[in-house]
Amino acid sequence: MRYSIYSSLIVLCFAVMTGSAQESPLQRVPYNNPGLVVDLGVGLWAWPMPMDYDSDGDLDLIVTCPDKPSNGTYFFENTSDGKEKFPIFKPGVIIGRGFQNTRVSYVKNKPVVMVQNKQYSDFLKSQYDNPTTLKVDTSFLKGRKTRARQWHRVDYNGDGKLDVVIGYGDWTEYGWDDAYNSEGLWTNGPLRGLMRVALNVGTNNEPQFETPTEIEGVDGKTPEVYGWPSPNFADWDGDGDLDLLCGEFRDTFTYFENIGSRAQPKYQIGKTITHDGQPIEMDLQMIVPTAIDWDGDDDLDLIVGDEDGRVALVENTGKFQDQVPQFLPPRYFQQEAEHIKFGALATPYAFDWDHDGDQDILCGNTAGYISFIENLGGGENPKWAAPKLLEAGGETFRIEAGPNGSIQGPCEEKWGYTTLSVGDWNHDGLPDVVLNSIWGRIQWLENIGTQSAPKLAAVKSIQVEWPGKTPKPEWTWWETVGKEFVTQWRTTPVIVDWNKDGLNDLLVLDHEGYPAVFRREKSDHGLTLLPGQRLVLDENGKPLQLNPKRAGGSGRRKIEVTDWDGDGRMDLLLNSKNADWYRNIGETDTGWKFKNEGPLCDRPLAGHTSSPAVVDWNSDGVPDLLIGAEDGYLYHAKNPRRP
């Protein structure tokens, strides 16, 4: 086998304990389950490049991940005989850095990797070591807010010379954040996915590129999609010219038929790719399709990366309908299980969900799901089952923003950002789930099953006995219903008996970014949740505001409550580059004072956020650290305090 391994350093983290630092490794949680198969995946954002990387006659998957903490380009080896459409891949091996906007073009059946204007023609041998810089005028991008810049080599006009097509996501009109009116309509412009071609008027050995021009479409309308176009040129309909198939920032695919000629392309109005009359949609968004004949049946399939790091096959059926190629719905590739991963921006909570005596994991993610990851035994080093999506009300539970549920706009419609805690919310002896999401609604999933076989009812809003008008963040355009609990988005509601009266309360950020304690009371009418009190103070005794930002910058705080240092007082763990320890330094007349002792570890896990929790898999009564990271993996470190 021929591949180089990009060495990665094992970084040790150091727990901050009463002024002294003790070494404590922060490592991914392994499945410890030989034979288990799970979704193939990298960290946040998958840019797939299918190719026969090890030259053994079958197609492998090279997937680049540009984000923290799993930045890298990964080789997933196909160990089948080359005839398996859905082989079980080996776990990914790092072969280089990870880059945004990484694309593979095929030139005479040889992969040519592009990272914007850097071309890696000998990627199979040297990966990213020997780039060639293509001199293309990109002044058309100046002054534009762009996110995707996807360079592609293709003989666009059939003259035998390799041209450059640049796909880019233009956010200039869309802007960003907080632009809904009171009816929930987006008042900024659209997100645009555009393409330009720079024709090569030199040679392939010494290219010289003209100024990039817009790709020509009918009626003067250049082909356009909803951001992140990922252009793929091929003769999809077999008429001798190059058609165009694109992805988008969200989840669908658009086909543009070439109604011009091979030498002078002209593209028809785009049509959405469908199956049985319904648009083919990826599970998440920020999709990146790459066209290749994956299954060897002489038509081009799509290998598609998703935002959460997974990669799917969208298979070409070889059929046409209404002059559009027909594909099957996405099917995600599988790999031998190595480390626990659940999507991206994983938000774990440890709890014995199936009541068998060990701590399982319930976990949310960007896609808005919640999974049950079952502990199959093993004590301190558990064996784990694959994540299983929770159902509620008889259906797979998922929260999505839809066209106006994210304050950052309609481009985020497939995200849900679930974050949760588990406890007996209605005091009936069964564990329930309390959650928050992209919407900022505090909701709960009631367990109507049994302790050993939980069954969840449909989601319900948690009610608060507000004394007057229901509060909400000032940028929340939609109106609350009744006494529902609406606060800042993407922040964890923690079930905790804060005042030790035997009733479960909630600790969560209020609508202005202060952690507040919402106490429970019991009366003849049942349980009541009272308005929040800002009892969490800084070390100077003032209410602690964990996030003073507004709109899209608000919320985003992940919280765990635990006695980390064993002094009998409840501390807070909060998201940071890994997890910050807010040590409880005592009670006052107005609340409890906390001192931020800084991150528990040195190793950074967050570009956007992390999500701390605690576990006690060795049953020694001391909480250890569990962090859900941006890459979707779970990381574990022992508490240096021992019993």
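The values are calculated or read from the model by the stated rules, or taken from the named source; none is laboratory data. Since this is a predicted model, take the numbers as computed values, not measurements. Cβ sites come from the backbone with ideal geometry, for glycine too, and all protein chains shown count toward neighbours. Surface areas here come from the heavy atoms of the whole protein model, side chains and all, with no ligands, DNA or RNA. Shrake-Rupley method; radii C 1.70, N 1.55, O 1.52, S 1.80 Å.
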Filtered residues of region 354-376 (kept if buried (at least 24 other Cβ atoms within 10 Å of the Cβ) and under 14 Å from the mean Cα position of the chain (by Cα)): 363, 364, 365, 366, 367, 370
What number of residues in region 188-207 are surrounded by 13 or more Cβ atoms within 10 Å (Cβ to Cβ) and polar (S, T, N, Q)? 2
Could you grab the pairs with beta carbons closer than 9 Å, sequence gap of 6+ or different chains, first residue in region 164-185 and farther than 30 Å from residue 216 by Cβ, second one in a strand (DSSP E or B) and open to solvent by 20 Å² or more (accessible area, probe 1.4 Å)? 179/186; 180/186
Which listed residue is in contact with a Pro (Cβ under 8 Å, 6 or more places away or on another chain) and not aliphatic (A, V, I, L, M), from 270, 309, 277, 343: 270
Subset of region 168-187, residues open to solvent by less than 40 Å² (accessible area, probe 1.4 Å), assigned to a loop (DSSP other than H, G, I, E, B) and touching a Lys or Arg at 6+ places or on another chain (Cβ under 6 Å), comes to 171
Could you look through region 98-142, keep only residues that are charged (D, E, K, R) and under 23 Å from residue 292 (Cβ atoms), and pick out the one that is most open to solvent (accessible area, probe 1.4 Å)? 108
Only residues that are part of a helix (DSSP H, G or I) and among the hydrophobic types (A, V, I, L, M, F, W, C): list them for region 545-560, please. 551
Breaking point among (1) buried (at least 18 other Cβ atoms within 10 Å of the Cβ); (2) farther than 24 Å from residue 282 by Cβ; (3) not aliphatic (A, V, I, L, M), for residue 451: (1)
Answer yes or no: is there a residue in region 228-244 that is open to solvent by 10 Å² or more (accessible area, probe 1.4 Å), outside any loop (DSSP other than H, G, I, E, B) and farther than 29 Å from residue 45 by Cα. no
Members of region 444-454 that are touching a residue at least 24 places away in the same chain (Cβ under 8 Å) and in contact with a strand residue (DSSP E or B) (Cβ under 8 Å, 6 or more places away or on another chain): 445, 454
Checked region 325-338 for anything under 15 Å from residue 280 (Cα atoms) and open to solvent by less than 10 Å² (accessible area, probe 1.4 Å); matches are 325, 327
Of all residues in region 621-639 being open to solvent by less than 10 Å² (accessible area, probe 1.4 Å) and not aliphatic (A, V, I, L, M), the one that is farthest from residue 42 (Cα to Cα): 639
Looking at region 27-67 only, could you name the residues that are of a type in the set (A, V, I, L, M) and either open to solvent by 20 Å² or more (accessible area, probe 1.4 Å) or not in a loop (DSSP other than H, G, I, E, B) (or both)? 36, 37, 38, 49, 51, 59, 61, 62, 63
For residues that are open to solvent by less than 30 Å² (accessible area, probe 1.4 Å), in a strand (DSSP E or B) and not polar (S, T, N, Q), tally how many sit in region 575-616. 12
Among (1) assigned to a loop (DSSP other than H, G, I, E, B); (2) in contact (Cβ under 8 Å) with a residue 60 or more places away in the chain; (3) under 19 Å from residue 362 (Cα atoms), which single condition is residue 495 missing? (1)
Scanning region 99-120 for residues that are part of a loop (DSSP other than H, G, I, E, B) and farther than 20 Å from residue 63 by Cβ, which turns out modelled with the highest pLDDT? 117
What do you reckon, is residue 543 free of Cβ contacts under 8 Å to residues at least 60 places away in the same chain and under 17 Å from residue 421 (Cα atoms)? no
With the structure loaded, tell me whether residue 381 is at pLDDT 95 or above and over 25 Å from residue 419 (Cβ atoms) or whether it fails that test. yes
Within region 68-82, which residues are touching a residue at least 24 places away in the same chain (Cβ under 8 Å) and not in a strand (DSSP E or B)? 68, 69, 70, 71, 77, 82
Requiring at least 1 residues that are of a type in the set (Val, Ile, Thr), the strands (runs of 3 or more DSSP E) wholly within region 265-349 are 288-292, 301-305, 311-314, 316-321, 324-327
Quick check on my filter: what residues within region 578-630 are without any contact (Cβ under 8 Å) to a residue 40 or more places away in the chain and within 29 Å of residue 358 (Cα to Cα)? 580, 582, 583, 584, 620, 621, 624
Kindly indicate whether residue 395 is open to solvent by less than 30 Å² (accessible area, probe 1.4 Å) and more than 27 Å from residue 531 (Cβ to Cβ). no
Determine whether region 195-216 contains at least one residue that is in contact (Cβ under 8 Å) with a residue 24 or more places away in the chain, under 22 Å from residue 273 (Cα atoms), touching a strand residue (DSSP E or B) at 6+ places or on another chain (Cβ under 6 Å) and in a loop (DSSP other than H, G, I, E, B). yes
Would you confirm, using the coordinates I've provided, whether residue 294 is over 21 Å from the mean Cα position of the chain (by Cα) and surrounded by 23 or more Cβ atoms within 10 Å (Cβ to Cβ)? no
